[in-house]
Amino acid sequence: MVTLTGTEFNRSPSAVKRRVLDSDEPVVVMEHSKPSLVVLRYDDYAALAGRPLVSNLAEWLRMDEDIDFEPEPIGLGLQVPDL
């Protein structure tokens, strides 16, 4: 596993992304000698989280159950101005 300082990560985040995608290995970003961030491929994250991969945002936001939603009308109290 590759480790970088926060400064190295901030200097070139695109290089970190390419490194993760090319090597299939996560990159650990260190702040003050402690791990603070891990950059890894999305499919690796999905496997760790126990979630299936999402192909689009609509699929990701889809709910498995219906919800009854009946909002109350809002009374704004509008009046005709006196001219």
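Nothing in this text is a laboratory measurement; each read-out follows from the coordinates by a stated rule. None of the values given here were measured: they were computed from a predicted structure. Every residue, glycine among them, receives a Cβ derived from its backbone with ideal geometry; neighbour counts consider all protein chains shown.
What order do you get for VAL39, VAL54 when you list them from fewest to most C-beta neighbours inside 10 Å?
The order, fewest Cβ neighbours first, is VAL54, VAL39.
Quick one: among GLU59, GLU72, GLU25, which has the greatest mean-square fluctuation in a GNM of the chain with alpha-carbon springs under 10 angstrom?
The residue that fluctuates most here is GLU72.
If you rank ARG51, ARG41 by fewest surrounding Cβ atoms within 10 Å, what's the result?
Ranked by crowding around the Cβ, least crowded first: ARG51, ARG41.
Quick one: work out the % antiparallel among DSSP beta bridges in the chain, nearest 5.
Looking only at bridges with both residues in the chain, the antiparallel portion is about 55 percent.
What ranking do LEU4, LEU57 get, fewest neighbouring Cβ atoms within 10 angstrom at the top?
The most exposed by this proxy come first: LEU57, LEU4.
Please state the charge dipole magnitude for the chain, taken about the Cα centre, from unit charges on C-beta atoms (+1 on K and R, -1 on D and E), reported in debye and rounded to the nearest 20.
860
Angle check, please: helix 13-23 long axis (alpha carbons) against the longest principal axis of the chain (alpha carbons), in degrees 0 to 90, nearest 10.
The two axes meet at around 60 degrees.
Take the range 25-83, drop everything but the C-alpha atoms, weight them equally and run the Debye formula without solvent; then report log10 I(q)/I(0) at 0.15, 0.16 Å⁻¹ to two decimals.
Results for the range 25-83 at q = 0.15, 0.16 Å⁻¹ read -0.74, -0.78.
Express in nm, to one decimal, how much length is gained between SER14 and SER33 on full extension, taking 0.36 nm for each residue of separation and deducting their alpha carbon distance.
Extra length available between SER14 and SER33 comes to 4.6 nm.
Go ahead and estimate [θ] at 222 nm for the chain from helices alone: -39,500 (n - 2.57) per DSSP H run with n ≥ 4, summed, over the residue count, rounded to 500.
Dividing the helical sum by the residues of the chain leaves -9500 deg cm²/dmol.
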